Amino acid sequence: MAKWKSPLFSDIRNKLGENVVFSMWKGRPYMRSYVIPANPQSDAQTANRLHMAAIIELYQTNVKGTDAHKAAWNEAALPKTISGYNLFCQYGRKDGITITSLVAGSLDVSIDASAIPSDRVSLMTVSAAGAPIEISTKRGLGTYADADFATPPVATDKLYVVDTQVLSGTDTETTAAMYKAVNHWYPDEATGTLTPMIVTAA
């Protein structure tokens with residue numbers, strides 16, 4: 001990347017043919033070689049694109065259309081000086097999940113990493129029809145089992161990673177509500193698909 005000073009080209013922002021790109025960075029003009037952006041279609045890239053799209057759809061369905069829910073996420077995002085939408089996507093993308101067992105009665109799901117503060121992250125059960133059931137009594141990283149729920153998950157229940165302290169209206173931390181949910185999937189980079197967390201029958 002090269003810098004230049006010229007009254008003639010002080011605010012040029014475009015490409016010159018297929019050779020040079022002119023732009024600005026923090027108020028300083030620069031130029032660089034033109035490169036055609038790569039667009040990998042690997043299984044890993046496909047899975048991660050699907051993951052991002054699923055998180056965006058989750059936000060649009062459960063947060064965007066309700067002013068109180070949008071306000072709750074925007075308030076949670078204030079310390080980071082980003083939007084609630086950006087925070088929601090950040091939380092959804094930075095969850096590391098390991099599943100040993102999704103069988104009802106022997107649940108073994110670990111949240112290995114999350115951008116959500118450890119005293120706020122948890123798992124929530126949701127019915128097959130999409131109705132929230134409850135947020136686990138457990139908080140933080142680690143393994144979640146049937147005993148960590150007042151009502152143990154049953155077959156066809158879905159599990160979501162949630163921020164328990166994004167609150168709207170008269171909610172409490174433990175109130176199950178879909179707008180708190182940031183993730184229900186993890187990308188399977190070997191197959192190029194998303195793997196959902198759905199409890200199976202014993």
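The values are calculated or read from the model by the stated rules, or taken from the named source; none is laboratory data. All values reported here derive from a predicted model rather than from experimental measurement. Note that we place each Cβ from the backbone using ideal geometry, even for glycine, and neighbour counts take in every protein chain shown.
So the values come out like this:
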| read-out | value |
| --- | --- |
| Every pair of residues 6+ apart whose Cβ atoms lie under 8 Å, when the first sits in the range 161-172 and is within 25 Å of Asp112 (Cα to Cα) and not assigned by TED's automatic domain parsing to the domain that holds Asp67 while the second is modelled with pLDDT of 95 or more and outside any strand (DSSP E or B) | none |
| Residue among Ile82, Ile116, Ile55, Ile99 that is more than 15 Å from the chain's Cα centre (by Cα), under 22 Å from Met178 (Cα atoms) and aliphatic (A, V, I, L, M) | Ile99 |
| Sole exception among (1) closer than 24 Å to Phe149 by Cβ; (2) assigned to a helix (DSSP H, G or I) for Ala53, by number | (1) |
| Filter result for Asp108 (more than 17 Å from the chain's Cα centre (by Cα) and over 20 Å from Pro196 (Cβ atoms)) | no |
| Filtered residues of the range 166-202 (kept if within 19 Å of Ala104 (Cβ to Cβ), surrounded by 17 or more Cβ atoms within 10 Å (Cβ to Cβ) and of a type outside the set (A, V, I, L, M)) | His184 |
| Hits in the range 50-81 (condition: surrounded by 14 or more Cβ atoms within 10 Å (Cβ to Cβ) and of a type in the set (Val, Ile, Thr)) | Ile55, Ile56, Val63 |
| Selection status of Ala47, within 28 Å of the chain's Cα centre (by Cα), surrounded by 12 or more Cβ atoms within 10 Å (Cβ to Cβ), at pLDDT 70 or above and not in a loop (DSSP other than H, G, I, E, B) | yes |
| Matching entry among Ser118, Ser106 (being in a loop (DSSP other than H, G, I, E, B), of a type in the set (S, T, N, Q), under 27 Å from Asn74 (Cβ atoms) and out of contact with any strand residue (DSSP E or B) (no Cβ under 6 Å at 6 or more places or on another chain)) | Ser118 |
| Checklist (1) in a loop (DSSP other than H, G, I, E, B); (2) more than 24 Å from Gly65 (Cβ to Cβ) applied to Leu123, failing item | (1) |
| Looking only at the range 10-44, and only at residues there that are of a type in the set (Gly, Ala, Ser) and farther than 30 Å from Asp95 by Cβ, the one that is modelled with the lowest pLDDT | Ser10 |
| Hits in the range 67-82 (condition: polar (S, T, N, Q) and either under 18 Å from Val162 (Cα atoms) or part of a helix (DSSP H, G or I) (or both)) | Asn74 |
